[in-house]
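Please find one structure pasted underneath; my questions will follow.
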Amino acid sequence: MLKLRTVLVPSDSKRYDLDPKMLLNGELRHAADGWHAILPLGKVNHRLWLQELPVSGSSIAVELQLDSDFDTRSQAALRFWLALEQRPSGPSLLSLSLQRRQRLILSMRALDGWLAGNSYRDIAIGLFGRQRLPERGWKTHDLRNRTIRLVQTGVSMMRGGYRALLRRAKRSR
């Protein structure tokens, strides 16, 4: 979420006006801490937070906090600026690969089965089909281990790990 505020700008710089009527094109809600808006611009929904609604014709600025999420916020600010400039914003920062999305879907389905009290074998049958499971040797089969890992991932996500999806992966140093 980008924090916006109105500012005075020098006459020689380009002004970006955020007309309150423009905010009404998206979702605008008032809360105790200010105004929250979802503004569709450039095929992207931008999430904005304003302490007060800007006066028509006033310029805006983005405030970025220097913290561990600064890189994500600065990229969001750049994408917002590109949308204001009516330029392509590029790929989403948080987009997941097809393989990652499929694994998350399987994890949630495995978690549902586990929470319903099903055995790992029953969960594996539901996820992969009976034909892929052996009649004998289930304890050492790779689908058993995969099913257990999927359930563990689902439990981790349920216990708050889903927040990791909202942040870009940190680069190892």
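Take the residues in segment 93-117 that are surrounded by fewer than 16 Cβ atoms within 10 Å (Cβ to Cβ) and hydroxyl-bearing (Ser, Thr, Tyr); name whichever of them is farthest from the chain's Cα centre (by Cα).
The qualifying residue farthest from the chain's Cα centre (by Cα) is Ser97.
Here's something else I'd like to know. For the subset of segment 93-111 comprising residues that are hydroxyl-bearing (Ser, Thr, Tyr) and without any contact (Cβ under 8 Å) to a residue 12 or more places away in the chain, which member is farthest from Val62 (Cα to Cα)?
Residues of segment 93-111 hydroxyl-bearing (Ser, Thr, Tyr): 95, 97, 107.
Pick out the ones that are also without any contact (Cβ under 8 Å) to a residue 12 or more places away in the chain and you get 95, 97.
Values: Ser95: 23, Ser97: 30 Å.
Across segment 93-111, the extreme among qualifying residues is Ser97.
Right, next: Please find, within segment 45-58, the residue that is modelled with the highest pLDDT out of those that are within 21 Å of Arg87 (Cβ to Cβ) and surrounded by fewer than 16 Cβ atoms within 10 Å (Cβ to Cβ). Before you say what the answer is, go through the steps one by one.
First pass over segment 45-58, keeping only residues within 21 Å of Arg87 (Cβ to Cβ): 45-48.
Keeping just the survivors that are surrounded by fewer than 16 Cβ atoms within 10 Å (Cβ to Cβ) gives 45, 47.
Numbers: Asn45: 82, Arg47: 85.
Across segment 45-58, the extreme among qualifying residues is Arg47.
Right, something else. Please report, ordered by residue number, the strands (runs of 3 or more DSSP E) entirely within segment 20-131 with at least 1 residues that are out of contact with any strand residue (DSSP E or B) (no Cβ under 7 Å at 6 or more places or on another chain).
Numbers: elements: 27-31, 34-41, 44-50, 59-63.
By residue number, 27-31, 34-41, 44-50.
Still on this structure, please answer the following. Scan segment 120-138 and tell me whether some residue there is without any contact (Cβ under 8 Å) to a residue 40 or more places away in the chain, surrounded by fewer than 16 Cβ atoms within 10 Å (Cβ to Cβ) and closer than 19 Å to Arg159 by Cβ.
no
Considering segment 75-92 alone, what residues qualify as being out of contact with any Phe, Trp or Tyr (no Cβ under 6 Å at 6 or more places or on another chain), surrounded by 14 or more Cβ atoms within 10 Å (Cβ to Cβ) and not aromatic (Phe, Trp, Tyr)?
Those that are out of contact with any Phe, Trp or Tyr (no Cβ under 6 Å at 6 or more places or on another chain), surrounded by 14 or more Cβ atoms within 10 Å (Cβ to Cβ) and not aromatic (Phe, Trp, Tyr): Gln75, Ala76, Ala77, Leu78, Arg79, Leu82, Ala83, Ser89.
Answer yes or no as to whether Lys14 is out of contact with any Asp or Glu (no Cβ under 6 Å at 6 or more places or on another chain), at pLDDT below 80 and part of a helix (DSSP H, G or I).
Details: out of contact with any Asp or Glu (no Cβ under 6 Å at 6 or more places or on another chain): yes; at pLDDT below 80: yes; part of a helix (DSSP H, G or I): no.
Considered against the rule, which asks whether it is out of contact with any Asp or Glu (no Cβ under 6 Å at 6 or more places or on another chain), at pLDDT below 80 and part of a helix (DSSP H, G or I), Lys14 comes out as no.
The values are calculated or read from the model by the stated rules, or taken from the named source; none is laboratory data. Please read all numbers here as calculations on a predicted model, not as lab measurements. Cβ: placed from backbone, ideal geometry, glycine included. Neighbour counts: every protein chain shown.
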